[in-house]
Amino acid sequence: MEVILGKEFGYVVMVVVLYCFLVMRMASRVGKARMRYKVFYPNLYALESDNKDAKLFNCIQRAHQHSLEVMPMFLVLLILGGMAHPRASAALGLVYIISRYFFFTGYATGDPDNRLRFARFGVGAMTGLFICSISFGFDLLLSSNVHFSS
(Lines give C-alpha, C1' and ligand atoms only; values in the text may rest on other atoms or scores of the structure.)
Protein backbone atom coordinates (compact mmCIF):
# COMPACT_ATOMS: atom_id res chain seq x y z
CA MET A 1 0.00 0.00 0.00
CA GLU A 2 1.31 3.40 -0.85
CA VAL A 3 0.04 6.23 1.31
CA ILE A 4 0.05 9.55 -0.46
CA LEU A 5 -1.21 12.60 1.34
CA GLY A 6 -2.84 14.21 -1.63
CA LYS A 7 -4.61 17.52 -1.77
CA GLU A 8 -7.78 16.01 -0.26
CA PHE A 9 -5.91 15.65 3.03
CA GLY A 10 -6.21 19.44 3.11
CA TYR A 11 -9.83 18.94 4.17
CA VAL A 12 -8.61 17.06 7.22
CA VAL A 13 -6.15 19.83 8.03
CA MET A 14 -8.90 22.44 7.78
CA VAL A 15 -11.13 20.43 10.15
CA VAL A 16 -8.25 20.25 12.66
CA VAL A 17 -7.87 24.02 12.48
CA LEU A 18 -11.63 24.54 12.82
CA TYR A 19 -11.71 22.44 15.98
CA CYS A 20 -8.84 24.50 17.41
CA PHE A 21 -10.86 27.67 16.75
CA LEU A 22 -13.87 26.14 18.50
CA VAL A 23 -11.82 25.22 21.56
CA MET A 24 -10.34 28.74 21.67
CA ARG A 25 -13.88 30.17 21.50
CA MET A 26 -14.91 27.94 24.40
CA ALA A 27 -11.86 29.08 26.40
CA SER A 28 -12.86 32.68 25.75
CA ARG A 29 -16.36 32.00 27.06
CA VAL A 30 -14.90 30.43 30.20
CA GLY A 31 -12.65 33.46 30.69
CA LYS A 32 -15.58 35.84 30.37
CA ALA A 33 -17.63 33.68 32.76
CA ARG A 34 -14.76 33.77 35.28
CA MET A 35 -14.94 37.55 35.34
CA ARG A 36 -18.73 37.75 35.30
CA TYR A 37 -19.30 35.18 38.05
CA LYS A 38 -16.15 36.06 40.00
CA VAL A 39 -14.47 32.66 39.88
CA PHE A 40 -10.77 33.40 39.89
CA TYR A 41 -7.72 31.23 39.39
CA PRO A 42 -6.50 28.87 40.70
CA ASN A 43 -10.07 27.67 41.28
CA LEU A 44 -11.18 25.40 38.47
CA TYR A 45 -14.81 25.37 39.58
CA ALA A 46 -17.06 27.56 41.73
CA LEU A 47 -18.38 26.38 45.08
CA GLU A 48 -22.15 26.53 45.41
CA SER A 49 -21.74 27.55 49.05
CA ASP A 50 -19.78 30.66 47.99
CA ASN A 51 -21.34 31.65 44.70
CA LYS A 52 -25.01 31.86 43.72
CA ASP A 53 -24.03 31.41 40.04
CA ALA A 54 -21.79 28.42 40.69
CA LYS A 55 -23.90 25.95 38.72
CA LEU A 56 -24.00 28.15 35.63
CA PHE A 57 -20.25 28.82 35.74
CA ASN A 58 -19.47 25.16 36.40
CA CYS A 59 -21.55 24.10 33.41
CA ILE A 60 -19.64 26.48 31.14
CA GLN A 61 -16.30 25.33 32.57
CA ARG A 62 -17.24 21.65 32.39
CA ALA A 63 -18.36 21.92 28.75
CA HIS A 64 -14.96 23.34 27.84
CA GLN A 65 -13.09 20.85 30.01
CA HIS A 66 -14.87 17.89 28.45
CA SER A 67 -14.00 19.16 24.98
CA LEU A 68 -10.34 19.30 26.01
CA GLU A 69 -10.52 15.79 27.45
CA VAL A 70 -11.72 14.24 24.19
CA MET A 71 -9.65 16.48 21.90
CA PRO A 72 -6.57 14.19 21.70
CA MET A 73 -8.64 11.15 20.75
CA PHE A 74 -10.65 13.13 18.21
CA LEU A 75 -7.57 14.61 16.55
CA VAL A 76 -5.66 11.31 16.42
CA LEU A 77 -8.60 9.47 14.89
CA LEU A 78 -9.27 12.30 12.45
CA ILE A 79 -5.67 12.42 11.24
CA LEU A 80 -5.13 8.66 11.08
CA GLY A 81 -8.46 7.99 9.41
CA GLY A 82 -7.87 10.94 7.11
CA MET A 83 -4.69 9.39 5.76
CA ALA A 84 -6.71 6.69 4.03
CA HIS A 85 -10.15 8.27 3.90
CA PRO A 86 -9.67 12.07 3.82
CA ARG A 87 -13.12 13.07 2.57
CA ALA A 88 -15.04 10.76 4.88
CA SER A 89 -12.87 11.67 7.88
CA ALA A 90 -13.16 15.38 7.20
CA ALA A 91 -16.94 15.11 6.86
CA LEU A 92 -17.19 13.08 10.07
CA GLY A 93 -14.90 15.58 11.79
CA LEU A 94 -17.14 18.43 10.69
CA VAL A 95 -20.22 16.65 12.05
CA TYR A 96 -18.36 16.08 15.31
CA ILE A 97 -17.38 19.76 15.56
CA ILE A 98 -20.94 20.92 14.93
CA SER A 99 -22.27 18.53 17.57
CA ARG A 100 -19.53 19.67 19.97
CA TYR A 101 -20.57 23.30 19.41
CA PHE A 102 -24.15 22.45 20.35
CA PHE A 103 -22.90 20.34 23.26
CA PHE A 104 -21.08 23.43 24.58
CA THR A 105 -23.89 25.91 23.99
CA GLY A 106 -26.44 23.55 25.51
CA TYR A 107 -24.33 22.85 28.57
CA ALA A 108 -23.54 26.57 28.97
CA THR A 109 -27.22 27.29 29.62
CA GLY A 110 -26.74 25.95 33.14
CA ASP A 111 -28.88 22.88 32.53
CA PRO A 112 -26.54 19.92 31.96
CA ASP A 113 -29.28 17.96 30.17
CA ASN A 114 -29.20 20.50 27.33
CA ARG A 115 -25.79 19.17 26.30
CA LEU A 116 -27.31 15.89 25.17
CA ARG A 117 -29.57 17.22 22.41
CA PHE A 118 -27.05 16.69 19.60
CA ALA A 119 -24.69 14.30 21.41
CA ARG A 120 -25.72 11.28 19.33
CA PHE A 121 -24.35 12.96 16.21
CA GLY A 122 -20.97 13.44 17.88
CA VAL A 123 -20.92 9.83 19.07
CA GLY A 124 -21.82 8.66 15.56
CA ALA A 125 -19.11 10.83 14.00
CA MET A 126 -16.50 9.58 16.47
CA THR A 127 -17.54 6.00 15.72
CA GLY A 128 -17.08 6.69 12.02
CA LEU A 129 -13.60 8.07 12.71
CA PHE A 130 -12.77 4.90 14.64
CA ILE A 131 -13.84 2.87 11.62
CA CYS A 132 -11.76 5.00 9.20
CA SER A 133 -8.71 4.64 11.46
CA ILE A 134 -9.17 0.91 11.89
CA SER A 135 -9.55 0.55 8.13
CA PHE A 136 -6.28 2.46 7.65
CA GLY A 137 -4.56 0.19 10.18
CA PHE A 138 -5.74 -2.96 8.44
CA ASP A 139 -4.67 -1.55 5.07
CA LEU A 140 -1.19 -1.02 6.48
CA LEU A 141 -1.04 -4.48 8.06
CA LEU A 142 -2.23 -6.26 4.93
CA SER A 143 0.08 -4.41 2.60
CA SER A 144 3.56 -5.70 1.90
CA ASN A 145 4.77 -2.36 0.59
CA VAL A 146 4.07 0.85 2.44
CA HIS A 147 5.55 4.09 1.15
CA PHE A 148 4.80 7.52 2.46
CA SER A 149 5.34 10.21 -0.10
CA SER A 150 4.09 13.67 -0.95
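Could you please find all residues in the range 108-139 being acidic (Asp, Glu) and either assigned to a loop (DSSP other than H, G, I, E, B) or farther than 20 Å from Gly93 by Cβ (or both)? Listed by number, the residues that qualify are Asp111, Asp113.
Taken together, Ala46, Ala90, Ala84, Ala63 contain a single residue that is of a type in the set (A, V, I, L, M), crowded, with 17+ Cβ neighbours inside 10 Å and touching a Lys or Arg at 6+ places or on another chain (Cβ under 7 Å), which is Ala63.
Somewhere in the range 55-78, is a residue more than 17 Å from Phe121 (Cβ to Cβ) and of a type in the set (Gly, Ala, Ser)? Within the range 55-78, not a single residue is more than 17 Å from Phe121 (Cβ to Cβ) and of a type in the set (Gly, Ala, Ser). Among the candidates Arg29, Arg34, the residue that is surrounded by 14 or more Cβ atoms within 10 Å (Cβ to Cβ), without any contact (Cβ under 8 Å) to a residue 24 or more places away in the chain and assigned to a helix (DSSP H, G or I) is uniquely Arg34. Quick check on the range 105-150: of everything there that is β-branched (Val, Ile, Thr), loosely packed, with under 15 Cβ neighbours inside 10 Å and at pLDDT 90 or above, which residue is nearest to Pro86 (Cα to Cα)? Going through the qualifying residues, I end up with Ile134.
The values are calculated or read from the model by the stated rules, or taken from the named source; none is laboratory data. Treat the numbers as computed from the prediction; the structure is a model and nothing was measured. We place every Cβ from the backbone using ideal geometry, glycine too, and count neighbours over all the protein chains shown.
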